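Quick notes on the structure that follows.
The values are calculated or read from the model by the stated rules, or taken from the named source; none is laboratory data. Not measured: the values here are computed from a predicted model. Note: ideal-geometry Cβ built from the backbone for every residue, glycine included; neighbour counts use all protein chains shown. These area figures cover heavy atoms from the full protein model, side chains too; ligands, DNA and RNA do not enter into them. Shrake-Rupley method; radii C 1.70, N 1.55, O 1.52, S 1.80 Å.
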Amino acid sequence: MTAPLTLTIRRPDDLHLHFRDGETMRAVVPWTVRQFARAIVMPNLAPPVTTSALAAAYRARIMACVPEGADFTPLMTCYLTDNSDPADIAAGFGDGVLTAAKLYPAGATTNSASGVTRIEAIMPVLERMAAIGMPLCVHGEVTDPEVDIFDREAVFIECILAPLLHRLPELRVIFEHATTADAVQFVESAGENVAATITPQHLRINRNDMLVGGIRPHLYCLPVAKRERHRLALRRAATSGSHKFFLGTDSAPHHRHTKETACGCAGIFNAPFALESYVAVFEAEGALDRFEGFASEHGANFYRMPLNAGTITLERRPIAVPDEVVGGEAAIVPFHAGDTLSWRVASGE
Ligand code: NCD
Ligand code: ZN
Ligand code: ZN
């Protein structure tokens, strides 16, 4: 018997995910800790993490869920609102409590009701962030009811992000969970201060996977999966070797019954098999040699953090993804539930 193909990379970071809080968080954190050394934790709790003090308290609650002996660092973000205080946010960044601030247009996604209603309201914060080099994470979708949901990302880039970067050319922006060829093109042609995260689901599914032959609520997230040509553009960007694109799972746990319902929540829980999901894309694109850059280097460099020590090894050996996993108050259906993936994590150190 021949030994399985293996791939050893520097320990990776997840530069965008949702841990939630309470019992759900206790159930989901170990999945991320198993694979990633650090993660940028999103602040869209209810109520949201809007100040450095709330972020510090949330960080302590996360650390209490990290299994004994594991080496994991949560990197905190704060949720911008129309009333955000530039001084508090800048102080949080200066203290190392905050790694970034997050822009949710009000009403764009899960728990975004307290988000920003107009960019003008946060210009003082953004000006301060640009001056001190603090990164801005962006959920890039407009919320105007007349804009079609499949166009909301492209319209955001044209009407909000491009003008913002024109006003603040130094602002460091992470265009989160890019889902379109438009986003890829924008990020590629923008300055070195603009980068993007790409999720496993947007590399693997298009809108047909979600809607043809029946509606699959567990493949519904925001921004919603687009046409096949957009998926192909994302695969090209992720596997290109460009340092502007890096790993951010957007793992977003919702309990099964809140997705399998008349009005289901947006979000895909991909933390359990995230690296396994991504690495198969790099293999299929003939780019296994570029996986380490995407997973472990480009993001850390953009955030100006040291690269992680240690490695993780993946091996080309099938693994069955369970139909559901423990999720605290109720079960959660993971991405790829019931499928067999071709790669698995072999060991970490
Ligand atoms: C995320 C969530 O559930 O918090 N949902 C999602 O569909 N991606 C929010 C977000 O990242 O937009
Ligand atoms: Zn988002
Ligand atoms: Zn997210």
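Brief remarks follow.
- Share of carbon and sulfur in the accessible area of the chain stands at 52%, probe radius 1.4 Å.
- Translational diffusion coefficient (Stokes-Einstein; Kirkwood radius from C-alpha pairs) of the stretch 82-233 at 4 °C, 1.567 mPa s, in µm²/s: 80 µm²/s
- CD proxy at 222 nm, helix term only [per DSSP H run n ≥ 4: -39500 (n - 2.57); per residue of the chain; nearest 500]: -8500 deg cm²/dmol
- Annotation for the stretch 310-345 versus the stretch 255-275: alpha-carbon center distance of 14 Å.
- What the stretch 13-307 shows is 37 Å² of accessible area per residue, with the surface traced by a 1.4 Å probe over protein heavy atoms.
- Relative contact order for the chain: 19 percent, from Cα pairs under 8 Å spaced at least 6 residues apart, divided by residue count.
- Heavy atoms of Asp88: accessible area, 1.4 Å probe, square angstrom to 10: 40 Å²
- For the stretch 287-349, the fraction of alpha-carbon pairs lying more than 19 Å apart is 54 percent, rounded to a whole number.
- Net charge over other residues, Cβ less than 10 angstrom from the Cβ of Pro4 (K, R count +1; D, E count -1): +2
- Taking a span of 15 Å or more along the helix axis (Cα atoms) and a mean Kyte-Doolittle hydropathy of at least -0.5 as the rule, the DSSP H helices of the chain that qualify are 22-35, 52-63, 274-284.
- Cα gyration tensor shape for the stretch 25-76, rounded if a/c is under 1.5, else prolate or oblate: prolate
- The alpha carbons of the stretch 98-168 occupy a box of 36, 27, 18 Å along the principal axes, longest dimension given first.
- For the stretch 13-307, the C-alpha radius of gyration divided by 2.2 N^0.38 Å, with N the number of residues, is 0.92.
- Measuring with a 1.4 angstrom probe and ignoring ligands and nucleic acids, Thr81 comes out at about 20 Å² accessible.
- Dividing the mean sequence gap of close Cα pairs (under 8 Å, 6+ apart) by how many residues the stretch 260-346 holds gives a relative contact order of 35 percent.
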